[in-house]
1. Would you mind getting the Kirkwood hydrodynamic radius of the range 123-165 from its Cα pairs, rounded to one decimal in Å?
2. If each of residue 420 and residue 134 carries a label point 7 Å out from its Cα toward its Cβ, how far apart are those two points in nm?
3. Quick one: grab Rg to one decimal and Dmax as a whole number for the range 398-457, Cα atoms only, in Å.
4. To the nearest 0.05, how large is the calculated FRET efficiency for residue 378 and residue 157 if R₀ is 60 Å and r is the Cβ-Cβ distance?
5. Given C-alpha coordinates of the range 205-384, what is the ratio Rg to Rh with the Kirkwood estimate of Rh?
6. Between residue 146 and residue 91, what FRET efficiency follows from the Cβ-Cβ distance if R0 is 25 Å, with the result rounded to 0.05?
7. Determine how many Å³ per residue the convex hull of the Cα atoms of the range 89-145 encloses.
8. Taking 0.36 nm per residue of separation and subtracting the Cα-Cα distance, what length does fully extending residue 371 through residue 9 add?
């Protein structure tokens, strides 16, 4: 549901651009895709118009112009920036053009220019007073209704150049155009462009899935939705679930765009399937990694590795989440310690840094996508072993581990406190291979790494 204009709040004043909350998101690495390709025969259907601010405001008021922060990146300007825009109009300072898309029903959607137009409409509705003006300091603190009538009329009559893409414009061409836009200070990213071009049931589904509680736990940041980073992750999951990574030979960007085009209006059955698979993957991720899911190790000042990064890695997300779909949740839960160990070994091995490198740079290249998937899938298969969904003979239950951690989170090997539950596991007091039974009386809580050291010494 679109927000009312008066409910749209200003962003806090900041000095720097929005900091990326994801890594490993480059979809079209130029250094690996520099071979010349045949140009497609797309045509741009573009109309140019000069429209007054009063006309655009009337369109917004009547619903002809769609202003929906949930549809785009949201309103991210602060009051100072909005005020400078109004000042520019009053002093005839040039303002970048606005890009609109004409829908089949005759309404207009804002492709680029949401920040500028929202600032204008809010000012016309007296939602804020002008702040920190440089060219017209005498107007600082004034709302629209407080301006002299002459200046009110000037604002109403000021025109903005609009580039309006016709509804018949090929979607691929629209993507290319929007990708290259760099107006208004912050260019649209790939997901924001897709949200414009492929608006419909699929994009709505991404919004709904972003509210999955396990997903929010695993991602562990409320700011990741700022530039639709959360939807980026979910789209990648759905695309790689539905289509094997072998279909990604033309690059990640093309792969994701083709998926969006094909499944723009998925059936109810397909939506239900997507929801079920996503829920399974996120539940497994939290059970195995908790709030450390889909992250890489930090590099410390000495060149070694420290704790987990705060940023989610998109390449890791798509790889691990899709891989969990090959197993029942009970299998993943039973082998959660093994799986976590396998992942930590993979990202921490100084002798094998290629996998980590491929999740950080040029991640849209097919050969790198293939390598990351293949290596991890092999590691996961080894970690799962022959564990069946009902295999309780070899594996202690997660419920028992939780109970023992609550009662006394102390390692039975080193005697030190276990700070995080994810660093703990249950060990057989009498070795399983010596006939020890998988029963509560034969279980003890230990550090994962202490248990590994014990295994090497035994």
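Read the figures in this text as sums done on the coordinates, not as results from a lab. Nothing here was measured: the structure is a model prediction, and the numbers come from that model. When we count neighbours, we look across all protein chains shown, and the Cβ atoms used for this are built from the backbone with ideal geometry, even at glycine.
1. 11.7 Å
2. Modelled inter-label distance: 4.6 nm.
3. Here Rg and the maximum Cα pair distance are 10.9, 31 Å.
4. Using R0 = 60 Å, I get an efficiency of 0.35.
5. 0.94
6. It comes out at approximately 0.90.
7. Spelled out: Cα convex hull of the range 89-145, divided by residues, is 103 Å³.
8. 125.9 nm
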